Amino acid sequence: MSMTTDQAGAFVTAALSKISELFYAGATPTAFDMPMVGKVITEEGEQPNGNLTPIDEEMGLVVSKGLLALHDDLTIKFALGHELGHGTSLHILSQVGLEGISGQATEVIADLSAAYILVQLGSTWDAVIGSISTWRDTDIFDAHASGHHPPGDERVAHVRALQGLIGKKVAFKDAAYQICNPLPRS
């Protein structure tokens, strides 16, 4: 399957509602002092990609047409959740005891929160991990480290580690701390 911008926007709205509930005590998540909203616009490009972008004085997402054309909706949702995670990562990192950290942790917390939100919205851990494990086919991750992005295999391993810790009844904030704290910092 693939997604329209309206479908992507509806998912982003649902994800932001869950993020608000879990990490913001019901308040609207913000990024760069703008409220985050479920607005999604597209740009040209076959490579799956996305970024936070201001839209009408609010923070939405701009995504490549290639991202919305992927055949697995769960992979698309993970990527959308990851981009939302960039807007919320500093807030969530401070909640888990890693305030001010930079480097790979900012990418990994975006992955962890994306996976966690998907599960909170009804997906199974196995489905999420199965979906992101196809990264070589979907190009959502790189094979080698790039900037602050760990290699794709490591990113999947971090989400698997989160699944294992959550399965042992470890709270998200404690699990995220255990996974992110030892990562290289810049």
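The values are calculated or read from the model by the stated rules, or taken from the named source; none is laboratory data. Remember, it's a predicted structure, so these values are computed and weren't measured experimentally. Reconstructed Cβ throughout: ideal geometry from the backbone, glycine too, with neighbour counts over all protein chains shown.
Each residue in the stretch 97-130 was checked for being of a type in the set (Val, Ile, Thr) and either farther than 22 Å from Gly60 by Cβ or outside any helix (DSSP H, G or I) (or both), and 6 of them qualify. Just one of (1) at pLDDT below 95; (2) closer than 25 Å to Pro182 by Cβ; (3) not hydroxyl-bearing (Ser, Thr, Tyr) fails for Phe32. It is (2). Figure legend. Inter-residue proximity from the stretch 123-136: first residues in contact (Cβ under 8 Å) with a residue 60 or more places away in the chain, second residues polar (S, T, N, Q), beta-carbon distance below 8 Å, spacing 6+ or different chains. Indicated pairs: Thr134/Thr75.
Conditions (1) surrounded by fewer than 18 Cβ atoms within 10 Å (Cβ to Cβ); (2) closer than 16 Å to Val12 by Cα, marked per residue:
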{"residue": "Val37", "(1), (2)": "no, yes"}
{"residue": "Glu58", "(1), (2)": "yes, yes"}
{"residue": "Leu67", "(1), (2)": "no, yes"}
{"residue": "Ile92", "(1), (2)": "no, no"}
{"residue": "Glu99", "(1), (2)": "yes, no"}
{"residue": "Gly103", "(1), (2)": "yes, no"}
{"residue": "Thr106", "(1), (2)": "no, no"}
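Going through (1) in a helix (DSSP H, G or I); (2) under 23 Å from Ile129 (Cα atoms) one by one, Ser94 falls short only on (2).
Can you tell me which residue is nearest to Leu84 (Cα to Cα) among those in the stretch 1-27 that are among the hydroxyl-bearing types (Ser, Thr, Tyr) and in contact (Cβ under 8 Å) with a residue 12 or more places away in the chain?
Thr13
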